[in-house]
1. Out of the DSSP beta bridges found with both residues in region 2-239, what percent are antiparallel (nearest 5)?
2. Report, by chain and number, residues whose modeled amide H sits under 5 Å from the one on Gln72, excluding near sequence neighbours (fewer than 5 apart, same chain).
3. For the Cα atoms of the chain, what angle does the longest principal axis make with the long axis of helix 30-39, in degrees from 0 to 90, nearest 10?
4. Which whole-number percent is the relative contact order of region 85-203 (Cα, under 8 Å, 6+ apart)?
5. Could you name the aspartates and glutamates in cross-link range of Lys18, using Cα to Cα under 13 Å and dropping any fewer than eight places away on the same chain?
6. Based on the Cα atoms of region 1-71, what semi-axes does the equivalent ellipsoid have, where each is the square root of 5 times one gyration tensor eigenvalue, given in whole Å with the largest first?
7. Just grab the label-to-label distance for Ala209 and Lys18, each label 7 Å out from Cα along the Cβ direction, in nm (one decimal).
8. In Å³ and rounded to a whole number, note down the convex hull volume per residue for the Cα atoms of the chain.
Amino acid sequence: MELSLYATPRDFTEALAKGTHVIVIDVLRASSTIVQSCENGVERIIPVADVEDATKLIPTLDRAEALLGGEQDGHTIDGFDLGNSPIEYTRRVVEGKTIIFCTTNGTVAITGSAAAADISVGCFLNLSAVVARLVKAAPERAVILCSGNSGVLSLEDFVCGGHMAARIHAELGTRVTMNDGAEAARVLAGCMPDPETVLRSSVHGRRLAELGFERDLEFCARMDRYSGVPVVVDGRISGHDPDSR
Ligand code: 3SL
């Protein structure tokens, strides 16, 4: 397996995406919110790149069954039902629902990966499961795509990707070759074993704490809380991939 890690989606072109298996990471907070929603029985999530796409889609759905979720600058978007705090996405709120989901970086990374052969969503919450699914699929080319923050590396995504690269390396040994991004992230992750410390020291984590989302940091730092892996098929995330369990 050729494993590449991109610190942001900026250099991950459509040509590079073709034929690859991609794991999209946005630890704070889009990936964590998607994983949490799938755990809590959401019917499907439609990730969109911007608010305009979300507002175009919502009239096409039964409003009683559909929710608008996501953030701008960390806050709930005007007219949306939910923000981007995974702890808002309880079973009572999301079970059986369709969520149109729009965030600054995470959903942009997901929609931008559309040309890939396989797209899964990963974070600390489902780290072992998303790695196991990839190793089982054994694609020739795999990508760990960190969402970053407006084109800039995010420590929490990079270190989470590094833990994934380390696990893949441990599983496959000489059968995996890594690009410099994957190797750098793997080495850094070895020095940062505690996710909560990573989240609390990152720029985005500190900003979320200032905005009052302290509990989200604690939640998103939980390693392997879940064993399901959200997968994106034809632009939709439909609960969990049964093969991943
Ligand atoms: O950028 C994103 O996609 C969001 O996850 C950012 S935030 O954590 O909701 O501010």
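1. If we restrict to bridges inside region 2-239, about 25 percent are antiparallel.
2. Correct list: Ile77.
3. The angle comes out at about 70 degrees.
4. On the way: 83 pairs, mean separation 27.5, N = 119.
That works out to 23 percent.
5. Output for Lys18: Asp118, Glu140.
6. Details: eigenvalues 150, 49, 28 Å².
Semi-axis lengths for region 1-71 are 27, 16, 12 Å.
7. For Ala209 paired with Lys18, the spin-label model returns 4.5 nm.
8. Details: hull volume 26.5 nm³, N = 245.
Residue-normalised Cα hull volume stands at 108 Å³.
The values are calculated or read from the model by the stated rules, or taken from the named source; none is laboratory data. All values derive from a computational prediction rather than experimental measurement. Here the Cβ is made from the backbone with ideal geometry for all residues, glycine too, and neighbour counts use every protein chain on show. These accessible areas exclude ligands, DNA and RNA; they are computed on the full protein's heavy atoms, side chains included. Shrake-Rupley method; radii C 1.70, N 1.55, O 1.52, S 1.80 Å.
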